[in-house]
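Down below is the structure, laid out as structure tokens.
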Amino acid sequence: AHGSAHEVVEVIFIGCGRPNFSMGWTHLEQMLREPLASLAAVVGVVEPYYLSEACVPGEDAELFREYVAAHKDLRFVPSCTALAKELPAVAPGRVRAAIISTRTPDVLPAFQGAVLELGCRAVYLEKPGAATVAHLDDIAQLAEKHQVDVVVGYNRNVSLHVRRALAFAKEREADMGTPPSVTLLHGNPFCDKEMNEVFRRCRPGLFYDMACHELAIAVGFFGLTAAGYSELRVDKASSLQAVHGGITDFVRAAFSLRPAPGAEPIGFQIDRQAGSFNGIDVDGRRFLSGEPPLLYTNPLQSLSSHIALNYDQYVEAKRIFLSALAPVNARAAMPAAAPAAAPRVAPTAPAPSI
């Protein structure tokens, strides 16, 4: 386990995925480095696909085996049940947290395992939090019942590029006397030949998988609400819906809306094939993730050179989450909860994490 003996936070990762690619691996790799390594101890990694019999031999599986071999000090297991058998009870004065980065349909059973089997009293969920509103409601009810603090990793909200763009927009409006045009940007680096796998892994779709980040920014900083927005306009010429691997989804989507009455319209450009970046365009000036800005184009063989190490918001979101856990460590002595009366949700068939 990483971290010094005096720390009060234990972290379990549920969903590691492919090294140099998946978000679970990204979170884990960042957790093993400063400034996060000194904030918590990694006590277990649950990987339900690469450690299962369903794992298909190949390059990805070999990369995972090599990663495990290179981190002999970490405990890798195939399920929450297996990890619960190996971990001791949470010691008094400590709090156990989980970072869940499974496929979206598997979030609810992963959350149940973290809380009911592993005794986690704080959980960081990868966006969008769950596959359905009903699953989100189940998570909220379980969290309330067992006093679990839950956050969803909309990390753009704490990104440097967002702060810089908002400051520039304010300055621009003061100088020009009118509000500037604002477009929220998000690009992924995938090629046509990868679309079958992208559509499969990223169900239930582009708006849950990618556009949710930009919508979260619009909610947090531009007043967007489900009931209050208007004037939704789709740029059909810049959007593409397609079928890959039998799944219908968007390859790219461009649209604008007025987030609230009296607010200025804002634009959205979400593209799975535009490179690897996220940002905000203010009157033609782009503010992108990273310092200096990081912009990668296809083909992209490995994300390890930038997403895993350099996107400031990924680190900052976890730093805020972990730093906030010390005040709740009074709950740490609570044992893992007894199984809930409601039936547990079974995970889907093992498949690679996002």
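The values are calculated or read from the model by the stated rules, or taken from the named source; none is laboratory data. Small disclaimer: the values here were computed from a predicted structure and weren't measured. Glycine also receives a Cβ, built like all others from the backbone with ideal geometry; neighbour counts cover every protein chain displayed. These area figures cover heavy atoms from the full protein model, side chains too; ligands, DNA and RNA do not enter into them. Shrake-Rupley method; radii C 1.70, N 1.55, O 1.52, S 1.80 Å.
Across segment 140-148, not a single residue is classified as among the basic types (K, R) and buried (at least 17 other Cβ atoms within 10 Å of the Cβ).
On the basis of being in contact with a strand residue (DSSP E or B) (Cβ under 7 Å, 6 or more places away or on another chain), within 19 Å of A167 (Cβ to Cβ) and modelled with pLDDT under 95, does G220 make the cut? Spelling it out, it is not the case that G220 is in contact with a strand residue (DSSP E or B) (Cβ under 7 Å, 6 or more places away or on another chain), within 19 Å of A167 (Cβ to Cβ) and modelled with pLDDT under 95. Applying the set (1) closer than 20 Å to A324 by Cα; (2) open to solvent by less than 20 Å² (accessible area, probe 1.4 Å); (3) out of contact with any Asp or Glu (no Cβ under 6 Å at 6 or more places or on another chain) to P92 leaves exactly one unmet item: (2). The sole residue among K170, K193 that is over 27 Å from I266 (Cα atoms) and either among the charged types (D, E, K, R) or open to solvent by less than 60 Å² (accessible area, probe 1.4 Å) (or both) is K193.
State whether the residues of segment 98-120 include one that is surrounded by fewer than 17 Cβ atoms within 10 Å (Cβ to Cβ), out of contact with any Ser or Thr (no Cβ under 6 Å at 6 or more places or on another chain) and not hydrophobic (A, V, I, L, M, F, W, C). Among the residues of segment 98-120, not one is surrounded by fewer than 17 Cβ atoms within 10 Å (Cβ to Cβ), out of contact with any Ser or Thr (no Cβ under 6 Å at 6 or more places or on another chain) and not hydrophobic (A, V, I, L, M, F, W, C), which makes the answer no.
The single residue among A84, A91, A41 that is modelled with pLDDT of 95 or more and among the aliphatic types (A, V, I, L, M) turns out to be A84.
Per-residue answers, yes or no, for (1) at pLDDT below 95; (2) within 24 Å of the chain's Cα centre (by Cα); (3) surrounded by 12 or more Cβ atoms within 10 Å (Cβ to Cβ); (4) under 19 Å from P189 (Cβ atoms):
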| residue | (1), (2), (3), (4) |
| --- | --- |
| V234 | no, no, yes, no |
| A237 | no, no, no, no |
| A242 | no, no, yes, yes |
| T248 | no, yes, no, no |
| F255 | no, yes, yes, no |
| G262 | yes, no, no, no |
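Within segment 137-183, the set of residues being assigned to a helix (DSSP H, G or I), hydrophobic (A, V, I, L, M, F, W, C) and closer than 24 Å to Q313 by Cα comprises V158, L160, V162, A165, L166, A167, F168, A169. When you check R33 against the structure, is it of a type outside the set (G, A, S), at negative phi, without any contact (Cβ under 8 Å) to a residue 24 or more places away in the chain and surrounded by fewer than 21 Cβ atoms within 10 Å (Cβ to Cβ), yes or no? Judged against the criteria, R33 is not a match. What number of residues within segment 265-274 are modelled with pLDDT under 95 and not small (G, A, S)? Of the residues in segment 265-274, 3 are modelled with pLDDT under 95 and not small (G, A, S).
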